[in-house]
Amino acid sequence: MITERQLDEARLAFGRLREAMSGVIVGHEEIVSGALISLLCGGNLLLEGVPGLGKTLLVRTLASALGLQFSRIQFTPDLMPADIIGTDILTEEDGKRRFSFAPGPVFAHIVLADEVNRATPKTQSALLEAMEERTVTVGRTTHKLEEPFMVLATENPIEMEGTYPLPEAQVDRFLLKLEVHSPTVNELVEIARRNTEGQGIILPDPVASRDDILLARSVVREVPVGEGLRKFVARLVLATHADADSAPAVVKEFVEYGASPRAAIAMLQAAKAHAFLEGEPNVRVRDIEAVYHAALVHRILLNFRGDAEGVGITEMISEVWRRTKVT
Amino acid sequence: MFSLSDLLVQVGRRHRRQRGLQLAAWISLSLTFVLSVLVPAYLFASTTQRLLVSLWMLPVVAALVVFAVAGRRRIDISRILLHIDQQLGTGERLSSLYEVSSRDGPDVFRYRIEKALRGKPLPWRRAMPLHRSTVAALCAAVLLWGGLGTVVTGLWKVGADDTEISGALATDDGARGRESSAVAEERIRDDQQSPERSTVAPDGAVDGGSNLREAILGASTHIDVDGELLAALAMLEAFVTSEVVGGDASGAGFGQDPGRREQAIARAESLLESAQSELSSGGAISQASRDEMIALAASLAGAIEENTLAALAETPTGIGELVSGLATEEDIPADEQQGISRSGGPEDPAADQDQDQNQDESQLGTSVGGPSTEDSASDSAGLDAAAGAIERPLVSALGSPGFVTEKLGGVLTDETTFRELLTQGIPVEPIYEPGGGAVNSLELDPLRLQAVVEQRSLSMKQQDLIEAYFRAVTQGGT
C-alpha cells in the first residue's frame, strides 16, 4: 500500500530528475519524458534519429542524474554477443587456473546500444534475454542483472546499407519507440551556446537514487485505470489487426501483423507513468494518447503492399485512434 | 459532499430509465407504425372490437414491458462513469475512483481523486441527457398512436354498425327462410290438391322480390329506411313502366276492364311524379302520399298475382319444371356455387369478401329452401349474362317459355359503383304482365334507394355493405 508520503517523495525525485535533464538537454521534452516513462515502467527505449541529435547525451545525462552505472555499446557488424554479455575467461589466482566470468557492458543500470541495427541479428539477440528477463546466461550460468536496468537503443534511419533491421521479437521488447527530430532554431541556438560557452556540457550530479526509482516504479503500478479505459486500450490494439472488425480500411489493406498484447501492456504502463509524471492521481485518456504512438509504432508489421507503397505507420495508427471511441 | 455510492445509485437509476425509455420509444414507434400501415389497409375491418382495441393498446403494453425489462438488466457502470467523465471533462476521475473503490484499506489515490472531485461541481445529470432521437421517437410514437386511436375509434363505430346491420340481415334472412319454407310446403300441398291453383312460381317470385326488398331494407330499424314505402315505389314504377301494363294478362288482373287498368296506371303515375318531386325538392315523401302509394301497390300486387296465377295455369309444363327446380335446388353442386362466386374476381380482396359472403348466404339460402332459391334463380339468371353461362336447374326453369328473366346491363366488376351496380338491372322487384304471358322480371329503381341512402347520410361502409349484398344476390346468394 502506497502512502501519501511515498507518493510525494517519488514525485519529487522525478521532478528533480526531469529538471536536471532539462538543464542539459535542450528541447526534446518528449524524448526526455519517454526515457523517464521507460525508466518508471522498467522498460526499454528505442530511439530513432540521425546522428548528432543528442541521443547519447540524453542517455548519459539520465545515468548521471540518477547516479547509476552507465555503459555504452557501439554496435557494428563485427560485434559478437560475447562483446555484449561477457564471457568466461581463464584466470590464474594463487597458482590455480580457472574460468571466471568477465561481465560485458550489459551489466550496468543503463545501457546505451548505439546504432543497434548495425550488428548482426545474432548479436542483437544477445540483448533479448537481458531486456526481457533481466538475466544473462553465459555457458551454464545465469547472471541476474541489477535493477534498475534499462536499455536505450538508437537506430539510424539513414545509411541503411549494411544494417540489420531488428527482428520482430526484439522490437516488441522495447516499451516505446521515439523518433528524435531535429531541433528548432531556438533550440539549436541554445545547444550551440551551451556547447561553445563556458565549460561546455556538464553532466548533472545525481538527484535521485536507485531506491527512489524503485519506489517510483511501485507507485506507478498503483496508479488507477478505469475499466472503461482498459477496454479502450484493448480496442485500440485490436484495431491494428487486419482481421479485426473495428480495423480501419487502411489497416485491413496494408497490415500484415497487428500489435501484440505487449502493446496493450506497454500502453497502460506508460500511461500510468505519464499520469504520475503529470502529477495526476489516475490515468486519463490524454495519458494514453501521449504514449499511444510510441507504444504502437514499432509493433505493427506492414504487408508487402504496404511496404511497396510506402504506407506510413504513424498515419495509420492515427487513423486507428480517430476511429476508436473511448466509450 | 461527494459520495461515490450515492452517485452510483443515481447514475445507475437514471441510466436504466433512459435505456428503458429509449427501447420503449423505438419499440412503440415501430409497432405503432406497423399498425398505422395495416389499419388503412382494412386489416381490422373484420376484426372484433376487443381485438382491435387490443392491437391498438399493443404498442403501449410493449413499451411498458420493454421499459420494465430494460430497467432490470445489468448495466456497465464503469462505462457509464467513463462516459460522464468524457462529457464533463473530469479527467476520467469518476471511472478511476470507481476502480479504486474496490481496493481494501485507505488508498492514497482514492483520497486524491475524491479531493479533486470535491473541488468543483459535478453536474453529472448534464452528461446523461435524454437523446434527441429518443425524444423524437417518443413524440412520434405518441402522435402516431393518438392518430391510430382516432382511426381505431372510427373503425370501432363502423364495426358496431356493421355488426348490427349484419345481424339484422341475418335475422331477417333466417325469418324469411323459415317463413318461405313454410309457404313453399303449403304451396306444394295446395298444388297437389288443386292443380288449377298452381301459384307457386308467381307467389314465389313475389315473395322473392318482397323478401329481397325487405332484406335490403331490413336494416331500416338501424339505418331508418322506410322499406314499405320503397317497396311500394318500386311496385308502382314497375307497374307503370313495364310491359305488364299492355300485356294480355293484365286484363285478367283487372277483371277485363281496361278503364280500371288505365285508372290505376294514371293514379300510379301521379303518385310517382308527386313522390319524385317531393324527393327532388330535398324533402321527404309526405305521410298521405306514402299511405296512398302503399295502398295502391298492395292492390296492384293482388291484381298481378291473380293475373299471373291465371297465366301460369295455362302452362302446366312451366309449373312442372318450376316444381322440379324447387325440388332439386338443394342439390346444387358446391363447385357450381363456387363458379358463380368466382365471377366477382379471384384476385380482389373485396371480391373474395363478397365470395365469402356469397357462399355463406348461398348456404343459408340452401338451408332455408324454396322462396329464397327462387331469388337465387332469378338473380342467377341475370348473372348468367354478366359472368358467363352458369346453368342451374331453377335457372333453366325460369328461363323456359313462360318465364323471361331480365338481363344485366353489363358485366359486374369490382370498380362498379353503387349506382352503376343498381342501374345495371339488379332484379329486386318482380313485375308481371298478365296479358303477355308469365313474364318474370325483377327491378328496383336505384334512384329511390340512393336518395334514401344519401338522405340518411349513410356512411361509405354501410353503402359498401349494401353493395356487397347486391353483389351476393347477383351471384346466386340471398
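Bear in mind these aren't lab numbers, they're just calculated from the coordinates by the rules spelled out. Source: prediction; values computed, not measured. Glycine gets a Cβ as well: all are built from the backbone with ideal geometry, and neighbour counts include every protein chain shown.
Computing Rg and the Kirkwood Rh from the Cα coordinates of the stretch A:67-223 gives a ratio, Rg/Rh, of 1.04.
Checking the cross-link pairs A:K272/B:K115; A:K144/A:K177; A:K177/A:K325 against a 22 Å limit on the alpha carbon distance flags A:K144/A:K177; A:K177/A:K325 as lying beyond it. Over all other residues within a Cβ to Cβ distance under 12 Å of B:L271, the charged ones net out to -4, with Lys and Arg as +1 and Asp and Glu as -1. The shape of the stretch A:23-115 comes out prolate: with a ≥ b ≥ c from the C-alpha gyration tensor, a/c is at least 1.5 and a/b beats b/c. Put in order of Cβ neighbour count within 10 Å, fewest first, the listed residues A:F149, A:F276 become A:F149, A:F276. Residues A:D88, A:D8, A:D287 in ascending order of nearby Cβ atoms (within 10 Å, fewest first): A:D8, A:D88, A:D287.
Between the amide H of A:I73 and those of A:L112, A:A113, A:D114, distances stay under 5 Å, these residues lying 5 or more places away or on another chain, with hydrogens modeled in the peptide plane. If you take all other residues with their beta carbon under 13 Å from the beta carbon of A:L302, and give Lys and Arg +1 and Asp and Glu -1, the sum is -3. Going by neighbour counts of Cβ atoms within 10 Å, the residues B:D464, B:D107 line up, fewest first, as B:D464, B:D107. The helix-only estimate of mean residue ellipticity at 222 nm for chain A, built from DSSP H runs of length n ≥ 4 each weighted as -39500 (n - 2.57), is -14000 deg cm²/dmol after division by the residue total. Converting phi to 3J(HN,Hα) with the Karplus coefficients 6.51, -1.76 and 1.60 and the offset θ = phi - 60°, the stretch A:23-30 yields x, 10, 8, 9, x, 6, 4, 5 Hz in sequence order, with x at every glycine or proline. Put simply, the amide H of A:H143, placed in the peptide plane, has neighbours under 5 Å in A:V136, A:T137, A:V138, leaving out anything fewer than 5 places away on its chain.
Apply the a/c threshold of 1.5 to the C-alpha gyration tensor of the stretch A:185-327 and tell me whether it is rounded, prolate or oblate. In terms of gyration-tensor shape, oblate. Shape summary of the stretch A:247-327, radius of gyration then Dmax from alpha carbon positions: 13.8, 45 Å.
Near A:C41: Cβ cut-off under 10 Å, other residues only, Lys/Arg at +1 and Asp/Glu at -1. The net charge is +3.
Shape class for chain A, computed from the alpha carbon gyration tensor (a ≥ b ≥ c): rounded, with a/c under 1.5. Identify, among A:S209, A:L45, A:Q170, the residue whose Cα sits farthest towards the positive end of the charge dipole of the stretch A:1-222, taking +1 on the Cβ of Lys and Arg and -1 on the Cβ of Asp and Glu, with the dipole about the Cα centre. Of the candidates, A:S209 comes out farthest on the positive side. Close amide H pairs (under 5 Å, H built 1.01 Å from N) link A:N303 with A:V255, A:E256, residues at least 5 positions away or on another chain. For the peptide A:215-228, the mean number of other protein chain Cβ atoms found within 10 angstrom of a residue's Cβ is 5.
Around the Cα centre of the stretch B:4-152, unit charges on the Cβ atoms of Lys, Arg, Asp and Glu (plus for the first two, minus for the last two) sum to a dipole of about 300 debye. In the stretch A:214-313, taking the dipole from charged Cβ atoms about the Cα centre, the farthest positive-side position among A:I313, A:V233, A:A249 is held by A:V233. Restricting the calculation to alpha carbons of the stretch B:4-152 gives Rg and Dmax of 21.7, 73 angstrom. For the stretch A:102-190, taking Cα atoms only, Rg and Dmax work out to 15.4, 54 Å respectively. DSSP assigns beta bridges within chain A; of those with both partners inside it, close to 45 percent run antiparallel.
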